[in-house]
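What follows is a set of notes on a single structure, which appears directly below.
Where a number appears in this text, it was derived from the coordinates with a stated rule and is not lab data. This one's a predicted model, so the numbers in the text were calculated from it and none came from an experiment. Backbone-built Cβ (ideal geometry, glycine too); neighbour counts: all protein chains shown.
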Amino acid sequence: MEYCKLELKWLDEIRFTKTSPYRNIQSQINEYRSFIHEFLFTLRIDVKPASMNNSEFKRTKPIIESLVAKGELKKEPLSLYK
């Protein structure tokens, strides 16, 4: 969870000015920001975000499984993938 929080903080600090190196990829960055935010929501309250489509949600399963295997997360979120 800490990594997601740090990543969101970094993403929120990006400014898309005319001279920004990120200006040309603003839409991809915004999509990534949204994905991380929704994933963090799932980690916090064990609920699939309504705004996250099924294919994106399925991509999070291996991450959840890895965190559970390492003992960094409880098993409850895994029930969301059934």
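Points to keep in mind about this one:
- Scope region 47-58; condition loosely packed, with under 15 Cβ neighbours inside 10 Å and in a loop (DSSP other than H, G, I, E, B); matching residues: VAL47, ALA50, SER51, ASN53
- Long-range neighbours under 8 Å by Cβ, at least six apart or interchain, first residue more than 20 Å from LEU73 (Cα to Cα) within region 35-57, second of a type in the set (Val, Ile, Thr) and surrounded by 10 or more Cβ atoms within 10 Å (Cβ to Cβ): MET52/THR42
- Residue that is surrounded by the most Cβ atoms within 10 Å (Cβ to Cβ) [pool: residues in region 59-82 that are of a type in the set (Ser, Thr, Tyr) and in contact with a Ser or Thr (Cβ under 9 Å, 6 or more places away or on another chain)]: THR60
- Count of region 59-71 residues which are farther than 14 Å from ARG44 by Cβ and not in a helix (DSSP H, G or I): 2
- When region 17-46 is filtered for residues that are farther than 20 Å from GLU7 by Cβ and surrounded by fewer than 11 Cβ atoms within 10 Å (Cβ to Cβ), the ones remaining, listed by number, are THR17, LYS18, THR19, ASN24.
- The single residue among ARG23, ARG59 that is over 17 Å from LYS82 (Cα atoms) and among the basic types (Lys, Arg) turns out to be ARG23.
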